[in-house]
Amino acid sequence: MKRYQGRRNGTAVEVTVDGKPLSPRLDLWNHSPSGFEWAYSGSGPAQLALALLADCFGDDDMAVEWHHDFKSAVVAGLPYAGWTLSEEEIRDTITAFENA
């Protein structure tokens, strides 16, 4: 299972998957060329939601379809200082959306 982490280092943010930098996937949708963010609902959190889903599922179309819902339900509520999400938590959230 993959493990995703977001941390703040001064004014910079770092998001990793299993310790390696997470690709922002600007090729799918360029919400925030300046990078990821979380703990509110905006362009940086939208980019993070898209990148998390694309990496977790390996399905670009699904990531584009669900990233705004995932941003609102999960990314906007992540703790400002830092967070950890498991692949299972991300998959469970999308399954709940699909079954709603």
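The values are calculated or read from the model by the stated rules, or taken from the named source; none is laboratory data. Small disclaimer: the values here were computed from a predicted structure and weren't measured. Heads up, the Cβs are rebuilt from the backbone with ideal geometry, glycines too, and the neighbour counts pull from every protein chain shown. Remember, those area values only see protein heavy atoms, side chains included, never the ligands or the DNA or RNA. Shrake-Rupley method; radii C 1.70, N 1.55, O 1.52, S 1.80 Å.
Quick check on packing: order 3-10, 31-38 by the mean number of other C-beta atoms within 10 Å, highest mean leading.
Working: 3-10: 14.1, 31-38: 17.6.
The packing order, highest mean first, is 31-38, 3-10.
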**Q.** the chain, relative contact order [Cα under 8 Å, separation at least 6], %
**A.** 30 percent
Q: Could you check how much of the accessible area of the chain is carbon and sulfur, as a whole percent, using a 1.4 Å probe?
A: 48 percent
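Considering all projection directions equally, how large on average is the shadow of the alpha-carbon convex hull of segment 10-100, in square nanometres?
5.6 nm²
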Q. Alpha carbon centre of segment 66-100 versus segment 1-43: separation in Å?
A. 14 Å
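What number comes out for accessible area per residue over the chain if the probe is 1.4 Å? Units Å², please.
Working: 5310 Å² over 100 residues.
Per residue, the chain has 53 Å² of solvent-accessible surface.
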Q | Relative frequency of Cα-Cα separations exceeding 15 Å in segment 52-100, percent | A | 43 percent
